[in-house]
1. Would you pick out the residues in segment 24-40 that are outside any strand (DSSP E or B) and over 17 Å from D87 (Cβ atoms)?
2. Could you grab me the full set of residues in segment 58-97 that are modelled with pLDDT of 80 or more, assigned to a loop (DSSP other than H, G, I, E, B) and more than 23 Å from T34 (Cβ to Cβ)?
3. Which condition number does E6 fail, the rest of (1) assigned to a loop (DSSP other than H, G, I, E, B); (2) surrounded by fewer than 16 Cβ atoms within 10 Å (Cβ to Cβ); (3) modelled with pLDDT of 95 or more being met?
4. Which residues, counting only those in segment 9-22, are surrounded by 14 or more Cβ atoms within 10 Å (Cβ to Cβ), out of contact with any Gly (no Cβ under 9 Å at 6 or more places or on another chain) and part of a loop (DSSP other than H, G, I, E, B)?
5. Which one of the conditions (1) modelled with pLDDT under 95; (2) crowded, with 17+ Cβ neighbours inside 10 Å; (3) not in a loop (DSSP other than H, G, I, E, B) does S55 fail to meet, given that it meets all the rest?
6. Residue by residue through segment 8-17, note down the ones that are free of Cβ contacts under 8 Å to residues at least 24 places away in the same chain and within 13 Å of G78 (Cβ to Cβ).
Amino acid sequence: MAATREQVFYVVPAGTPKSQCNGETCHAVIYWITNPRTGRPMPIDCDVEGGEEPSELHDPKQIDAFSQSTLSNRDGRGVSHFTTCPDVGQFSRKGGR
């Protein structure tokens, strides 16, 4: 039996806008961050076990106009979308786009 690889989680800063995978069949919600190891853009999938979407706000001082309470300001966490995307082959550097 092959050993399963432990997923590496990455921080998705609060306020990171949502995007959508443009794979042929995937279309998952993803967040683009800078890979802390390589400095390159990397898509993150927060819709995984142990993942959490970031709050939409990045300003902790914003007040909810309806309740007058401070809005949630939290970072999210997720894994590289390259490990979860069914269309990952479309995005290879050697023959994809």
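1. Passing the criteria: N35, P36, R37, T38, G39, R40.
2. Across segment 58-97, the qualifying residue is only P86.
3. (3)
4. C21
5. Among (1) modelled with pLDDT under 95; (2) crowded, with 17+ Cβ neighbours inside 10 Å; (3) not in a loop (DSSP other than H, G, I, E, B), the lone unmet condition for S55 is (3).
6. Matches in segment 8-17: none.
The values are calculated or read from the model by the stated rules, or taken from the named source; none is laboratory data. Treat the numbers as computed from the prediction; the structure is a model and nothing was measured. Virtual Cβ from ideal backbone geometry, glycine too; neighbours counted across all protein chains shown.
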